[in-house]
Amino acid sequence: MTEGDTVESESSADQPKTTGEKATRDNLGGKTAIVTGASAGIGLSVAKKLAEAGANVVLVARGREKLDAAAASIGLERAMSFAADVSHFDSLRELLRVTRERFGRIDILVNNAGLNHRGPAVGISPDTLGAIITTNLTAPVFLSRLVAEHMVQQGSGSIVNVASLAGKIPVKDEAAYSASKAGLRAFGRALAMELDPLGVHVSTVCPGPVDTDFLGDLEHVPDIVLSQPMVTTDDVADAVLTCISSGKREVSLPALSGLLTTLGYVFPSLAAAMHPLFERRGAANRRRYVAARAAGRVV
Ligand SMILES: NC(=O)c1ccc[n+]([C@@H]2O[C@H](COP(=O)([O-])OP(=O)(O)OC[C@H]3O[C@@H](n4cnc5c(N)ncnc54)[C@H](OP(=O)(O)O)[C@@H]3O)[C@@H](O)[C@H]2O)c1
């Protein structure tokens, strides 16, 4: 396929129209899901829970070996790996093609692959900036656009974008990341308004810190990020499945952090006044987490 071909041109008349079919939290039998960033962390938990609920799952990530192992751990009758960088848009077209070839339909898209780079915004290289925006925003937008076309034809579907609390209230030294996640959140909300009447639901999940490779060396995580309680990859995956079954527009984890970030965004002076308090809390949490990691305990 070439850039510019549309999914519509691939879609066949024999695709079932499933208007009004409502998935339940634990019954996704017969559904097919694509999960990006699925070889580790949140994406892997999401893929496993989707498969446990009966869905076929296509796992996407760049590193083939880990990805294949992840798909095999789920079971190859229900899971398939597709090695790709989400920022390579031709690969995304191919992803749709092979998913439909193998499973016949696409009911769920979880845009989860993400990239962060910490440091002052002034001085960020154009390449790094471009990679963050492309991976976290442009790629999910493009993939949603491709998949939505297919879902609208089916008359049903769910798209879940994994954003971040940093997309609700910007984090110092994570400016490009915060901007990309705020953009993803805005895109999801606008797309939801567009697609809801057509039977396709779009949701955004905004997690606080999660102890994965993505969070990285705790010494380099801003205090303000660690001021919010850690959640687990399974907590985030549960939120994703809840969104799929309920069509909920947005879930923040933990819920109280979601409320605090909303308040902080609406009242910036309040956020600035509370900032030192939260930073102290974050620094104290860091000491606890570092000790837990050193002792081999779950953070
Ligand atoms: N961990 C946190 O504290 C946290 C908090 C809030 C939001 N989030 C968001 O949650 C999402 C997942 O984070 P995580 O903590 O689960 O990360 P993780 O454990 O580091 O896993 C990232 C996954 O994404 C894949 N990936 C990365 N870049 C990719 C690309 N360009 N194309 C395709 N796959 C790619 C990785 O595999 P390959 O490297 O092999 O491609 C891996 O499978 C991200 O969007 C992140 O922004 C994370």
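Annotations
Listed here are the residues, each with its yes/no results for (1) within 16 Å of the ligand (Cβ to nearest atom); (2) modelled with pLDDT of 95 or more; (3) among the hydroxyl-bearing types (S, T, Y).
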position	(1), (2), (3)
E3	no, no, no
E8	no, no, no
Q15	no, no, no
N27	no, no, no
T32	no, yes, yes
G43	yes, yes, no
K66	yes, yes, no
A70	yes, yes, no
V86	yes, yes, no
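- Residues that are surrounded by fewer than 24 Cβ atoms within 10 Å (Cβ to Cβ) and in contact (Cβ under 8 Å) with a residue 24 or more places away in the chain, drawn from region 145-164: L146, A148, E149, H150, V152, Q153, Q154, G155, S156
- Filtered residues of region 100-112 (kept if within 19 Å of the chain's Cα centre (by Cα) and either surrounded by fewer than 20 Cβ atoms within 10 Å (Cβ to Cβ) or of a type in the set (V, I, T) (or both)): I106, I108, V110
- Meets criteria (of a type in the set (D, E, K, R) and not in a helix (DSSP H, G or I)) for R118: yes
- Scan of region 145-167 for residues that are of a type in the set (G, A, S), assigned to a helix (DSSP H, G or I) and more than 14 Å from the ligand (Cβ to nearest atom), ordered by number: A148
- Residue count for region 46-81, restricted to those that are in a strand (DSSP E or B) and hydroxyl-bearing (S, T, Y): 1
- Residue count for region 97-144, restricted to those that are touching a residue at least 60 places away in the same chain (Cβ under 8 Å) and away from the ligand (no atom under 11 Å from the Cβ): 12.
- Note on region 184-219: residues that are within 11 Å of the ligand (Cβ to nearest atom), of a type in the set (G, A, S) and outside any loop (DSSP other than H, G, I, E, B) total 0.
- Within region 69-99, being crowded, with 16+ Cβ neighbours inside 10 Å and farther than 15 Å from F142 by Cα holds for A70, A71, I74, R78, A79, M80, S81, F82, A83, T99.
- Taking region 276-287 as the range and being in contact with a helix residue (DSSP H, G or I) (Cβ under 9 Å, 6 or more places away or on another chain) and of a type in the set (D, E, K, R) as the test, the residues that pass are E279, R280, R281, R286.
Here's the yes/no breakdown for (1) free of Cβ contacts under 8 Å to residues at least 24 places away in the same chain; (2) touching a Lys or Arg at 6+ places or on another chain (Cβ under 9 Å); (3) surrounded by 15 or more Cβ atoms within 10 Å (Cβ to Cβ):
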residue	(1), (2), (3)
V210	no, no, yes
D213	no, no, no
L226	no, yes, yes
D234	no, yes, no
C243	no, yes, yes
T261	no, yes, yes
V266	yes, no, no
R280	no, no, no
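- Inspection of region 82-101 identifies no residue that is within 23 Å of V225 (Cβ to Cβ) and assigned to a loop (DSSP other than H, G, I, E, B).
- Condition met for A186 (free of Cβ contacts under 8 Å to residues at least 12 places away in the same chain and of a type outside the set (S, T, N, Q)): yes
- Just one of the numbered conditions (1) closer than 17 Å to L129 by Cα; (2) within 14 Å of the ligand (Cβ to nearest atom); (3) out of contact with any Pro (no Cβ under 6 Å at 6 or more places or on another chain); (4) of a type outside the set (D, E, K, R) is not true of S178: (3).
The values are calculated or read from the model by the stated rules, or taken from the named source; none is laboratory data. Here the structure is a predicted model, which is why all the values come from computation and not from measurement. Glycine gets a Cβ as well: all are built from the backbone with ideal geometry, and neighbour counts include every protein chain shown.
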